[in-house]
1. Tell me the residue from S29, S73 that is under 30 Å from Y101 (Cα atoms), polar (S, T, N, Q) and either loosely packed, with under 10 Cβ neighbours inside 10 Å or out of contact with any strand residue (DSSP E or B) (no Cβ under 8 Å at 6 or more places or on another chain) (or both), please.
2. Given the residues L56, L105, which is the only one that is surrounded by 11 or more Cβ atoms within 10 Å (Cβ to Cβ), modelled with pLDDT under 85 and not in a helix (DSSP H, G or I)?
3. If you scan the range 76-94, which residues turn out to be loosely packed, with under 13 Cβ neighbours inside 10 Å and either of a type in the set (K, R) or outside any loop (DSSP other than H, G, I, E, B) (or both)?
4. Which one is farthest from the chain's Cα centre (by Cα) among residues in the range 6-53 that are closer than 22 Å to M77 by Cα and in a loop (DSSP other than H, G, I, E, B)?
5. Restricting attention to the range 87-109, which residues are free of Cβ contacts under 8 Å to residues at least 40 places away in the same chain and either small (G, A, S) or touching a Pro at 6+ places or on another chain (Cβ under 7 Å) (or both)?
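The values are calculated or read from the model by the stated rules, or taken from the named source; none is laboratory data. Just so you know, these numbers come straight off a predicted model, no measurement behind them. All Cβ positions, even for glycine, are placed from backbone atoms using ideal geometry, and neighbour counts span all protein chains on display.
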Amino acid sequence: MSSGTILLMFVLSGAATYLTRRAFLQLPSGFFSPRLKNGMTFIPIGIFAALIFPSLFLDGGQFVFQPTFLVASVICMGLMILTKNVFASFGISLLLVVLVYVGILPFPH
């Protein structure tokens, strides 16, 4: 694939994403039922879980137990609940994983 084709795909994907999100913002407030609105609030959580859980439990298509990642995830969620700061929570948990893999913090991995 040429770089021009890839660039065109990025531009078209961005335009499609922007236009569909913008269209939802233009809908009247009563367009969706309260039940559907409530259900749509869980979409980001589902996407987050779909992105994170495979890295916690799968390696090469096989189920594995990776305690470092699991502990870092629990710490991250706890920090998010306590601080309400997503970036600091991710940063601290990522730093812990790096410190374990570098060997500064002793933890089985």
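1. S73
2. Of the residues listed, the single one that is surrounded by 11 or more Cβ atoms within 10 Å (Cβ to Cβ), modelled with pLDDT under 85 and not in a helix (DSSP H, G or I) is L105.
3. Within the range 76-94, M77, G78, I81, L82, T83, K84, V86, F87, L94 meet the criteria.
4. Looking at the filtered set, the residue picked out is T41.
5. Across the range 87-109, the qualifying residues are A88, S89, G91, S93, G103.
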